[in-house]
Amino acid sequence: RDGSKGDMGSKGVRGVPGERGISGAKGMAGTKGEPGGIGPLGPKGIAGKLGPRGFKGTLGTKGDKGETGARGEIGKTFHLNWKECVWTHADGKDSGVIQTCRFTKLVSNTALRVVYSGVQGVQSSGARCSRWYFVFNGRECTTPANIELIVHSYDTTEYRTRQMEGYCHNVSPGVVEVALKVGSCHRLNGNTYDAYTGWQNGSPSHIIITEVSPPQK
């Protein structure tokens, strides 16, 4: 009979690798995968150059003639509208209307320019003051201001030709009664003094009224 099994021997030396084998046949294609997700927005690109100018298009067909529009309002050509009132008598009135000049204003947004020229004086003993002013249909102008002339004297009597003028806005069109009046100065509490308007030898006094275009803004 066999004897007992002996002990395992020591590990032998590693052998030399063999040559590479021949490549196997190509396998079958796999199934199509699922679409991938949308990627993040890329950075803004540089603006492109301006393209060349296109060719001129052909002329379109002529359209149908439109309907005749409604007739417009008749326009107004603005001519210089003015009037002068002249008188040659003297007036010793201390208060009230000296002369009235009736004027026809044509347009609503125009202004009236008024001028007075004539002899004025105040006889005085001590300090005396009289005021000449224009009223329009019984009222003094407020836009832009009243139109007046002040004569103040002290212990003297002097007659001379004087002139006052100004513009009045917001006067309604139509007949306007423009009157020259005389009275006391505002600060003298209504007292009137010995005023004279005009001259005895027939020297003329004038009121000139002109309708003028609106002022610039």
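The values are calculated or read from the model by the stated rules, or taken from the named source; none is laboratory data. What you see is a predicted model; the values in this text were computed from it and never measured. Please note: Cβ atoms are built from the backbone with ideal geometry, for glycine as well, and neighbour counts cover all protein chains shown. In case anyone asks, the SASA skips ligands and DNA or RNA and just uses the protein heavy atoms, side chains included. Shrake-Rupley method; radii C 1.70, N 1.55, O 1.52, S 1.80 Å.
Residues within the reach of a label modelled at N201 (point 7 angstrom out along Cα to beta-carbon, backbone nitrogen below 13 Å), restricted to region 113-135: there are none. Placing unit charges on the Cβ atoms only, positive for Lys and Arg and negative for Asp and Glu, gives region 100-217 a dipole magnitude near 220 debye about its Cα centre. For K105, which lysines qualify as cross-link partners when the Cα separation must be under 30 Å and same-chain residues fewer than eight apart are set aside? Leaving aside lysines fewer than 8 places away in the same chain, those within reach of K105 are K76, K83, K93, K181, K217. For the chain, none of the cysteines stands unpaired, since each has another cysteine beta carbon under 4.7 Å from its own.
Close amide H pairs (under 5 Å, H built 1.01 Å from N) link A90 with W199, residues at least 5 positions away or on another chain. Here the Karplus relation 6.51 cos²θ - 1.76 cosθ + 1.60, evaluated at θ = phi - 60°, turns the backbone of region 98-111 into coupling constants of 8, 7, 10, 10, 8, 9, 9, 8, 9, 10, 6, 9, 8, 10 Hz, with x for every Gly and Pro. Given the choices (1) 7, 23, 18, 13, 14, 13, 8, 4, 1; (2) 8, 30, 30, 19, 10, 3, 0; (3) 6, 19, 15, 8, 5, 5, 5, 5, 6, 4, 3, 3, 3, 4, 4, 3, 2, 1, 0, P(r) over Cα pairs in 10 Å bins from 0, in percent derived from the coordinates of this structure is entry (3).
Computed about the Cα centre, the dipole magnitude for region 35-122 is approximately 720 debye when only Lys and Arg (+1) and Asp and Glu (-1) carry charge, each at its Cβ. The phi torsions of region 209-216, fed into the Karplus equation with coefficients 6.51, -1.76 and 1.60 and a -60° offset, translate into couplings of 10, 9, 8, 10, 5, x, x, 5 Hz, rounded to whole numbers, with Gly and Pro shown as x. For the pair region 37-72 and region 103-121, the centres of their Cα atoms are 60 angstrom apart.
Take T100: with every protein chain present and a 1.4 Å probe, its accessible area is about 60 Å². Only protein heavy atoms count here; under a 1.4 Å probe, T104 has an accessible surface of about 70 Å².
What order, most packed first, do the peptides 114-122, 150-158, 132-140 have when packing is the mean number of other Cβ atoms within 10 Å of each residue?
Values: 114-122: 21.0, 150-158: 13.6, 132-140: 16.4.
Put in order of decreasing packing, that is 114-122, 132-140, 150-158.
Residues whose amide H falls under 5 Å from that of N81, counting only those 5 or more places apart or on a different chain, are E211, with hydrogens built in the peptide plane. Here the Karplus curve 6.51 cos²θ - 1.76 cosθ + 1.60, taken at θ = phi - 60°, turns the phi angles of region 65-70 into couplings of 5, x, 6, 5, x, 5 Hz, with x standing for Gly and Pro. Ligands, DNA and RNA are left out, and with a 1.4 angstrom probe the accessible area of region 70-204 is 58 Å² per residue. Taking a cut-off of 18 Å, what percent of all Cα-Cα pairs in region 22-72 are separated by more than that? Of all Cα-Cα distances in region 22-72, 79 percent exceed 18 Å. Normalising the average separation of contacting C-alpha pairs (under 8 angstrom, six or more residues apart) by the number of residues puts the relative contact order of the chain at 29 percent. The apolar share of the surface of the chain, taken as the fraction of accessible area on carbon and sulfur atoms (1.4 Å probe, ligands and nucleic acids excluded), comes to 51 percent.
About its Cα centre, region 76-126 has a charge dipole of approximately 360 debye under the convention of +1 per Lys or Arg Cβ and -1 per Asp or Glu Cβ, with nothing else charged.
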